[in-house]
Every structure is written in C-alpha cells, then in structure tokens.
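Written below as structure tokens is the structure these notes are about.
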Amino acid sequence: MSCPKRWRQRPLLSPVTALERVERDIVSGSLISLPDPEMAPATHREVARKALRAMLDREATAAPRTLEQADADRARAEAALAALRQALRQALRLRDVSPAVGPATEAAASLGLDAEIGASRPFAQAAMGGLVEIGEATLAIEGGATVEEASRALRERHFDGKPLEEIRAPVMLVAAIAAAGKRAVWPKALQSHGQ
C-alpha cells in the first residue's frame, strides 16, 4: 500500500516546525472564526510591554544633554502627546482604529497571532487605550521621572504592579519546546536519527 502522491511531494518537516505550524494554524484559525475575548487585553498588555522595553532601551542609551535640550525634548513630547490624544479622539469619533493597527499587529505577532488578527477591530481598539498611557509615561520621563516611576500606573493596570525587571516577553509553546530540545541530552541513537 502506498501513500497518496500529494503526500510524497511535500518535504518532511521537523517535529518542532510541524508543531509550530499546527500551533499557528490552531491559534489563528480559532481567533479568526471566533475571537477569544481574552486575546484583546493580551494584545493591549503586549503593546504596553513593548513600549516599556523601548523606554528602558532609550534611557539606557541616552546621552547626557543640556537643560535647553531637555526642555526642547519635553516640549516635543508634550506636543506629540497632545497630537496623539487629538488623533485618537477623532479616530474614536469616526470609529477608525487605524492609528493602533501598527502597534496591535506587532503585539499580535509577539503573541504568535497572524497579522490579520492584530489588525482586526477588537484588537486594534484594545491597543488604542494603551497608546495614550504610553505617551503620558514618555512625557513623565522627559520631565525627569525614571522609567520605573513614569510607568507605575501602566504597570499597575497591566502587570499587577510588577517591577520592570519582572515583566517578560510571552513565551510561545513552540519556542519553549525548541529551547528544551536544544538543551536536552539525547541518547546517541536519537541524535543521529533526528539529523
């Protein structure tokens, strides 16, 4: 008995690649057909986590500046926050979620979801609220606050008040299995079989 011809034409996948594909298909398929209400807040949380990481990175690499430069940076941050609030108010009035599609799509990708899911209305709308919070934290940093101080309300709301160093990126099941497989000590027979 032979297998169907279409099966023979497909290259064999490693177990991790196959599991990764199945996980992506299951997550994407179930969310497109019936979005899980818990995933929208998770997207919002991931937008906030990515922003906190960017703030920490920016502060870690920031060069010393003069008082005039600090005042100019704060004025730019105030203007950017005012423009963001105005744009988001208008977008909400028009029921337009496009200002948040970029951050929501990036967050969805971090969570292992397809781009279409991140760009969908419930996910982008969930991310919209976080954009103002992020802008306010950025403004506080430009005003002289540390990232820890400026992000306190954001962390209370999304991460149960955890300190910055305890906020980690989400780990996908496939990544965890792959990492465990790399660290595992396999018998010689299985090592040669897997390669």
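Derivation of every value follows stated rules applied to the coordinates shown; laboratory data play no part. Quantities reported herein were computed from a predicted structural model and do not represent experimental measurements. For neighbour counting, all protein chains shown are included, and Cβ atoms are generated from backbone atoms with ideal geometry for every residue, glycine included.
Per-residue Karplus couplings for the stretch 146-157, computed as 6.51 cos²θ - 1.76 cosθ + 1.60 with θ equal to phi - 60°, are listed in order as 7, 4, 4, 5, 5, 9, 4, 5, 5, 5, 4, 6 Hz, Gly and Pro entered as x. Note on Ala72 and Glu149: the model spin-label points, each 7 Å out from Cα along the C-beta direction, lie 2.4 nm apart. Of the trypsin sites (Lys or Arg not before Pro) found in the stretch 46-150, the ones in coil according to DSSP and having at most 16 other Cβ atoms within 10 Å of their Cβ are Arg65, Arg95. Ordered by the number of other Cβ atoms lying within 10 Å of each residue's own Cβ, fewest first, Thr66, Thr138, Thr43, Thr146 fall into the sequence Thr66, Thr146, Thr138, Thr43. With a Förster radius of 41 Å applied to the beta-carbon distance between Arg85 and Glu166, the computed FRET efficiency rounds to 0.85.
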